[in-house]
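Following: one structure in structure tokens, then a few remarks.
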Amino acid sequence: MSTSGQFSSKNPTIKRILKEASEIANQPSADYYAAPLETDLFEWHFTLRGPPSPSPFEGGIYHGRIVLPPAYPLKPPSFRFLTPTGRFEVNREICLSISGHHEESWQPAWGIRTALIAIRSFMDTSGHGQLGGMEASEEVRKRMAAQSMSWKCPACSKPNGEIMKEQEEAVKEQGGDAKKEEVVPEELRLAYRDDMGKANGKAAEKPNGKAPEPATVEGQPARSTVAAGATSQQPRAPAPAGTQVQAQRAPPQQQEGIPAWIDKAIYGVVIALAILIWRRLS
């Protein structure tokens, strides 16, 4: 799709987008296809082949949208699937290290080709705790994969199967290998693992509707708040009469001040000095 005449190629963002569109068109892949719309250079549509066996997405061909920000490639694009996959929610922006949800992990050198390779590789990972991700049974994903080939995008006006068939023919014309697998950059794999770890951590921190357990003192069992309140509200049994009399007769405790042994020590020292003086005088 040619859109180069509608924009100024002097703009760094436009220049980068046109360069990527040309590279993807001139160096086709049998696993994915992507191109900007004729009416909007910042909106792309992509068609992606599912990962190979033993993946439940094997044989599936999925279609989606890419929206590039005005500051691309300094800021990452956003992605969403339009074809049901059982891995990503339909027409909802997905959260990955390569998407607009993680600007801190995006690297301008990656580009759309790298992003599509990464999305294809990450389809077999768990979607738990991921924005735009979902979990479905293997049977459901296989059924959706079989149905995806006949899915047609209204904007592209071609079924997914026909788009990828044209890609395979383009790869053969270029003398390439249609079965060659492209590898995800290692730094992108590491960034994705970090993001999923954070997501799982946040999911574990969500409240489960249970009251938090009270803190325990080392060496003593925990005591619930309800039990403590019930104990404090229970009436105390009156002490026996004999115990009360003994308590009344008990001598009062010595008030805080100089201990009694200090007084005795002072008396002893005074007496010893008096005896010493008396001996010297006698």
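Does Lys15 satisfy the criteria of being in contact with a Ser or Thr (Cβ under 8 Å, 6 or more places away or on another chain) and exposed (fewer than 15 other Cβ atoms within 10 Å of the Cβ)?
Yes: the conditions hold for Lys15.
Looking at (1) open to solvent by less than 20 Å² (accessible area, probe 1.4 Å); (2) within 19 Å of Val171 (Cα to Cα), which one does Glu23 not meet, given that it meets all the others?
Every listed condition holds for Glu23 apart from (1).
Of all residues in region 87-114 being modelled with pLDDT of 90 or more and buried (at least 23 other Cβ atoms within 10 Å of the Cβ), which is farthest from Arg143 (Cα to Cα)?
The residue in question is Ile112.
Can you name every residue in region 39-51 that is free of Cβ contacts under 8 Å to residues at least 60 places away in the same chain, open to solvent by 10 Å² or more (accessible area, probe 1.4 Å) and either in contact with a Phe, Trp or Tyr (Cβ under 8 Å, 6 or more places away or on another chain) or not β-branched (Val, Ile, Thr) (or both)?
Of everything in region 39-51, those that are free of Cβ contacts under 8 Å to residues at least 60 places away in the same chain, open to solvent by 10 Å² or more (accessible area, probe 1.4 Å) and either in contact with a Phe, Trp or Tyr (Cβ under 8 Å, 6 or more places away or on another chain) or not β-branched (Val, Ile, Thr) (or both) turn out to be Asp40, Phe42, Glu43.
Just to check your reading of the model, which residue among Pro84, Pro54, Pro36, Pro28 is open to solvent by 50 Å² or more (accessible area, probe 1.4 Å), over 25 Å from the mean Cα position of the chain (by Cα) and over 12 Å from Arg120 (Cα atoms)?
Pro54
The values are calculated or read from the model by the stated rules, or taken from the named source; none is laboratory data. For clarity, every value in this text was computed on a predicted model and none was experimentally measured. Cβ: placed from backbone, ideal geometry, glycine included. Neighbour counts: every protein chain shown. Each accessible area value is taken on the protein alone, full model and side chains, heavy atoms only, with ligands, DNA and RNA left out. Shrake-Rupley method; radii C 1.70, N 1.55, O 1.52, S 1.80 Å.
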